[in-house]
Amino acid sequence: MKRLIISLALLVAGVAGAGAQEIPFDGSVGFLNVSANLAMGEVAGVATTSKGHLLAYVRTGEMATAGASRIFTHGGSRLYEFDAAGKYVREIGQGVYGFLFGQAVRVDAQDNIWVVDRGSNMIMKFDQAGRVQMVMSRKPESVSLEGRAPGGGGRGGRGATGAGINGDNFNRPTDVAWDAAGNIFVADGYNNARVAKFDKDGKFLKTWGAKGSGEGQFNMPNSIAVDAQGNVYVADTGNKRIQVFDNNGTFKTQLTNAGSAAAVCISPGAHQFLYSSNSNAPDAMDNGEIYKMELDGKVVGKFGKAGKLVKEFGAVNEIDCRNPNTLYVGEVMNWRVQKVTLH
């Protein structure tokens with residue numbers, strides 16, 4: 001009987017967020033002033049600036065079609081900026097060559113805007129004036145549906161499936177983050193399964209990872225964040241865990257108590273928190289809750305569930321947590337940004 005009780009306890013501990021307290025919260029979905037002529041679609045990315053402005057990277061347009069020659073399709077996604085009151089300010093990067101199938105938008109410590117596009121395989125850095133400052137990777141010479149580059153090994157590859165090649169040759173990248181020194185960490189995750197590290201000027205430093213379920217292996221690393229000590233947190237979505245590495249890619253630990261992490265964010269400040277979304281799949285209404293955690297993986301609480309109403313989430317793809325008690329989430333299924341206020 002004692003052995004049975006222990007086995008049941010271990011089973012319960014393995015369930016995502018088992019016993020986690022519910023955090024009271026409010027949700028708001030009508031705070032953005034979206035005019036009738038402003039094309040909206042799947043909100044793949046959301047971020048805030050130091051001024052409190054909100055950025056939404058939205059999938060709005062055409063998809064690439066199969067072809068064997070170089071394609072120049074663009075305009076499939078758009079980047080909008082709103083002020084702190086939700087008033088529309090401007091569109092950034094209108095007509096930019098690399099905007100095809102939006103994946104994420106992030107803002108660094110200097111308020112530069114970084115756009116991750118899964119269709120063009122590119123990451124683009126803009127300054128606050130909207131000028132392009134850096135471009136990483138490029139569109140493939142041939143693509144199939146949704147910008148999928150030929151070859152499962154990742155545009156060349158380093159031998160292991162999904163390991164990619166040295167440098168910024170991405171194969172459907174998913175996210176970007178930085179450490180205090182400005183080093184750039186890219187989750188290169190849909191066709192490849194790796195993290196690539198670059199210095200602040202974009203010079204390649206190293207890469208780690210391949211497809212698999214072992215330590216340092218990934219099954220769709222969909223999101224990435226870096227804490228104040230430079231540790232790297234990777235949402236290993238397909239393996240239902242968050243893997244934690246030191247700044248050079250050495251495996252430290254894995255967090256397995258928050259479901260299938262699809263979007264992660266680490267708040268700034270002296271006491272940092274890790275937020276992780278157990279996002280529902282686009283064709284399901286299971287799970288959907290977001291976890292607030294200590295950096296060691298201890299769950300502080302959780303909130304929300306999958307659904308279409310206010311205070312429900314539809315396939316969260318990105319979280320902004322500049323303010324640890326006021327979050328913004330980009331929802332793919334519900335075509336919206338939801339503002340979440342934790343109590």
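The values are calculated or read from the model by the stated rules, or taken from the named source; none is laboratory data. Remember, predicted model here, so these are calculated numbers, not experimental data. No Cβ is skipped: glycine too gets one built from the backbone with ideal geometry, and neighbour counts run over all protein chains shown. Each accessible area value is taken on the protein alone, full model and side chains, heavy atoms only, with ligands, DNA and RNA left out. Shrake-Rupley method; radii C 1.70, N 1.55, O 1.52, S 1.80 Å.
Residue by residue through region 203-212, what is 3J(HN,Hα) from phi via Karplus (6.51 cos²θ - 1.76 cosθ + 1.60, θ = phi - 60°)? Round to whole Hz and write x for glycine and proline.
6, 5, 10, 6, 9, 8, x, 6, 5, x
Which FRET efficiency value, to the nearest 0.05, do you get for THR161 and ASN248 by plugging their Cβ-Cβ distance into 1/(1 + (r/R0)^6) with R0 = 30 Å? Display every interim value, and only then the final one.
Working: r = 23 Å, r/R0 = 0.77.
Approximately 0.85, to the nearest 0.05.
Under the rule of -39500 (n - 2.57) per DSSP H run of 4 or more residues, summed and divided by the residues of the chain, what mean residue ellipticity at 222 nm is obtained, to the nearest 500 deg cm²/dmol? If you can, show how the numbers build up before the last one.
Details: 1 runs with 13 residues, N = 343.
Rounded to the nearest 500, the figure is -1000 deg cm²/dmol.
Leaving ligands, DNA and RNA out of it, report the carbon-plus-sulfur percent of the accessible area of region 185-343 at a 1.4 Å probe.
About 48 percent, which is the carbon plus sulfur part of the accessible surface.
Using 7 Å Cα-to-Cβ label points, what is the GLN229/VAL89 separation (nm, one decimal)?
A separation of 3.5 nm, rounded to one decimal place.
How much of TYR190 can a 1.4 Å solvent probe reach, expressed as accessible area in Å² and rounded to 10?
60 Å²
Where Lys and Arg each count +1 and Asp and Glu each count -1, what net charge lies around GLN254 among other residues with Cβ under 13 Å from its Cβ?
Values: positive: LYS240, ARG241, LYS252; negative: GLU215, ASP236, ASP296.
Local net charge: 0.
Can you compute the equivalent ellipsoid semi-axes for region 241-343, i.e. the square root of 5 times each eigenvalue of the Cα gyration tensor, sorted largest first and rounded to whole Å?
Value: 23, 16, 11 Å, ordered largest first.
Give me the Kirkwood hydrodynamic radius of region 164-290 in Å, from all C-alpha pairs, to one decimal place? Kindly include the intermediate steps, with their values, before the conclusion.
Numbers: mean 1/r = 0.0691 Å⁻¹.
Taking every pair of different Cα atoms in region 164-290, averaging 1/r and inverting gives 14.5 Å.
Which distance in nm do the two modelled labels at ASP199 and ALA284 give, with both placed 7 Å along the Cα-to-Cβ direction?
4.4 nm
For the chain, what's the radius of gyration and Dmax over Cα atoms, in angstrom?
Radius of gyration, then largest Cα-Cα span, for the chain: 19.2, 67 Å.
Rounded to the nearest whole Å², what accessible area per residue is found for the chain with the 1.4 Å probe? Present the calculation step by step, with values, prior to reporting the outcome.
Working: 14110 Å² over 343 residues.
Heavy-atom accessible area per residue stands at 41 Å².
Amide H of GLN272: which non-local residues (sequence gap of 5 or more, or other chain) have their own amide H closer than 5 Å, using H built in the peptide plane?
Long-range HN contacts for GLN272: none found.
Going 7 Å from the Cα of ASP26 toward and past its Cβ, which residues in region 288-320 have a backbone nitrogen under 18 Å from where you end up?
Correct set: 303-304, 310-312.
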